[in-house]
C-alpha cells in the first residue's frame, strides 16, 4: 500500500470512527463494521471493505472504492465516502437484502469483507 493510499484511508478511518463505526486498516484496505445485524451466521454484523486507488475514468485521480470494485467518491471527498458507508450500514442502499448477502442490490451486496 502506497503512502498516499494509506494516508487517504487513515483520514477516512478517522471520520468513520468519529461516526461510531469499528474499523481496521489492513493490507487490503479499510474494513468498516457496523452495529446492525448482518445477513447470516457467517456475517454477524454488516461490514464493507474500502480500498483506494487511481481511477482512470477521472484522469488518474485517487478515489475510494468498495471491495466489490464500485467507485465511492474521490479520496479528497471524505464526507461523501462517509455518507455512502452510513447508507450501506443503515440498509437504506440495500433494500433488496441485508448487507453482505448475495441477494442484496447488485453492486451493493457482493464483495463485502
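The values are calculated or read from the model by the stated rules, or taken from the named source; none is laboratory data. These numbers were taken from a predicted model, which means no experiment stands behind them. FYI the Cβ positions are ideal-geometry reconstructions off the backbone, even for glycines, and counts take in every protein chain you see.
Data for the structure
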| item | result |
| --- | --- |
| Residue list for the range 63-72, filter: modelled with pLDDT of 95 or more and farther than 11 Å from residue 48 by Cβ | 63 |
| Selected residue (criterion: surrounded by the fewest Cβ atoms within 10 Å (Cβ to Cβ)) from residues of the range 1-17 that are assigned to a helix (DSSP H, G or I) and in contact (Cβ under 8 Å) with a residue 24 or more places away in the chain | 4 |
| Hey, residue 75 surrounded by fewer than 17 Cβ atoms within 10 Å (Cβ to Cβ), modelled with pLDDT of 95 or more and within 18 Å of residue 7 (Cβ to Cβ) or not | no |
| The range 18-32: number of residues that are within 13 Å of the chain's Cα centre (by Cα) and either within 21 Å of residue 61 (Cβ to Cβ) or not in a strand (DSSP E or B) (or both) | 4 |
| Some residue of the range 84-99 being part of a loop (DSSP other than H, G, I, E, B) and either modelled with pLDDT of 80 or more or under 20 Å from residue 24 (Cα atoms) (or both) | yes |
| Conditions (1) within 15 Å of residue 12 (Cα to Cα); (2) exposed (fewer than 15 other Cβ atoms within 10 Å of the Cβ); (3) out of contact with any strand residue (DSSP E or B) (no Cβ under 8 Å at 6 or more places or on another chain); number of the one not met by residue 59 | (1) |
| Within the range 41-53, considering residues that are assigned to a strand (DSSP E or B) and out of contact with any strand residue (DSSP E or B) (no Cβ under 6 Å at 6 or more places or on another chain), the one modelled with the highest pLDDT | 53 |
| Pairs where the first residue, in the range 83-97, is loosely packed, with under 13 Cβ neighbours inside 10 Å and the second is in a loop (DSSP other than H, G, I, E, B) and modelled with pLDDT under 50, C-beta under 9 Å, 6+ apart | 95/104; 95/105; 96/103; 96/104; 96/105; 96/106; 96/108; 96/109 |
